[in-house]
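Below: the structure, in structure tokens.
Here, each number is a calculation from the coordinates, and none is a lab measurement. None of these values were measured; they are calculated from a predicted model. Positions of Cβ are generated from backbone atoms using ideal geometry, with glycine treated the same way; all protein chains shown enter the neighbour counts.
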Amino acid sequence: MRSQFDVKKSFGLRLFVVVILTLLICQTVSLAATEISPQSSVLHPYTKVKLPNRLTLIVKEVHSAPIATVDIWVATGAKNELPEEAGISHFFEHMLFKGTAKRKVGEIAKQIQAVGGYTNAQTSLDTTHYYVVVPSEHIDLALDIEADAIMNSSFDPAEIERERKVILEERSLKEDNPPRKLGMMAYQAAFKGTPYANDILGTSESLSRFDRDSFIDYYHKYYSPSNMVVVVVGDVETNHVIEQVQKLFQDFTVRPKTVSPPFKLPKLKAIQRVEAEKRVDQTYLYFGFPGPGMNDKDTPALSILGVILGGGQSSRFYQSILEEKRLANTIASGYQAYQKIGMMAVYAQIKDTKVPDLENEVQSILRQVITKGVSEEELQRAKALVRSNIAYTMESNADIAAFIGEYQVNEAVEDATKFTNELMKVNPKDIQRVAKKYLNPRAYVLAIVKPQGVK
């Protein structure tokens, strides 16, 4: 089971995970559907329908290989948790495939593995999702298992105790992983007082309190058809999938959708430094500049700017800080967008360099972009890198399903088309404008994990 704040998610994939493509929504059976003119896209065409119980289903046929993915997304994550519930979304995710009345503990994994498939899940600040990948001839089994787990998980008390130990160990490992520790420190500092400062893994205290009733209450609060999306991608027949999903989920109870209370994002007015000491042999740094969420008009330009600054060997940070001045062993940047918030993240590792020396150079490069902007050549190079990463991250059915599900559960999959189009429309003036607006060299979070005893 995966949780966020791993470095790959923060600085690479998330930048491009939100880039999904044009689509065709077709008329299917007697369910409500809308048709959109197709455009050139690896995701076009696909079908989106709303079932009578308000569950959204999206089916994308890909016949290049006999593989199918079923990915169920739920619009709940760590940001939905009350303080006393810290970590319950992730704990719940661990429990969902642990057994039902129909399939005892361990049988779900055995049945999927027996046909050559696999299962996994992930919890983030915004969402939780569960996916099964199988040879496409076993799509009915995958659908049945996912529906059974979503609607009938048993939350066995003995399994809760076993999994509690697993998650406590996961927390311990996160504390010892500098990149993951940095991400958490930065978010807690930048978004203090908001749900986006919540720790996905919770606290030792909160994790010790959860029992079966806790999970049942959480399930009734958030696991409702109107709060979920089922995505099926692969070598499947669309009408058959729709019929199966409609049958399997027909008894899924419709409940009122839980709406989280609104909150106001804090605005940084100065540099905030947070530090931790670990048994490491170099210093790890995370510069965080808070910004807008995934559907904001400024997000495309910020995404391209993240590539210009620290995406690859031709980026400004790499050329200046690694190649010319050799101030760091590693440096990269990218824009990470969630539903309501975002963060321009700059990640670095240094050995002999003093933190102020690196910090001064990062500030200097930001000021250059703010005052002088970027060249058309830099912009086009960044767009080319974005396009290649889109292609790279859309290679598997599981990736395509994840991209579709994430956008649909956060707002609407159609927003992916808009985002993709806007990325390619970004011009140098847009880059300079968002740099001035969000990348203040005098107001950001700097999270540092350093060797013990280093001043």
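Each part gets one Cα centre, and for segment 45-66 versus segment 258-292 those centres are 38 Å apart. Once the convex hull of all Cα atoms in segment 65-170 is built, its volume per residue stands at 109 Å³. Normalised Debye scattering of the chain at q = 0.07, 0.09, 0.12, 0.14 Å⁻¹ gives log10 I(q)/I(0) of -0.36, -0.61, -1.06, -1.35, counting only Cα atoms as equal scatterers and leaving out solvent. Helix 212-222 versus the longest principal axis of the chain: what angle, 0 to 90°, nearest 10, using Cα atoms? Long axis of 212-222 versus the principal axis of the chain: about 80 degrees.
Sites count as exposed loop sites when they are GluC sites (Glu not before Pro), lie in a DSSP loop, and have at most 16 other Cβ atoms within 10 angstrom; the longest stretch of the chain without one is 36-236.
With bins 10 Å wide beginning at 0, the percent of Cα pairs of segment 272-451 falling in each bin runs 9, 36, 34, 19, 3.
Just so you know, the averaged projected area of the alpha carbon convex hull for segment 190-265 sits at 8.5 nm².
For segment 107-175 and segment 176-197, compute the distance between their C-alpha centroids and round to whole Å. Spelled out, the Cα-based centre of one part sits 26 Å from the other.
Taking only the Cα atoms of segment 119-202, the ratio Rg/Rh comes out at 1.07, with Rh defined as the Kirkwood radius.
When 79, 429 are sorted by how many other C-beta atoms sit within 10 angstrom of their C-beta, beginning with the fewest, the order is 429, 79. Length, then width, then depth: along the principal axes, the Cα atoms of segment 270-365 run 40, 30, 23 Å. Considering Cα pairs under 8 angstrom that are at least six residues apart, work out the relative contact order of the chain and quote it in whole percent. Reported relative contact order: 23 percent.
Within the shell of other residues whose beta carbon sits under 14 angstrom from the beta carbon of residue 53, the net charge comes to +4, with Lys and Arg scored +1 and Asp and Glu -1. The relative contact order of segment 272-451, computed from alpha carbon pairs under 8 Å that lie at least 6 residues apart in sequence, is 40 percent. For segment 116-172, chymotrypsin sites (Phe, Trp or Tyr not before Pro) are listed when DSSP marks them as loop and at most 14 other Cβ atoms sit within 10 Å of their Cβ; the list is empty.
Mean residue ellipticity, 222 nm, helices only, the chain: the sum of -39500 (n - 2.57) across DSSP H runs of n ≥ 4, divided by residue count and rounded to 500, is -12000 deg cm²/dmol.
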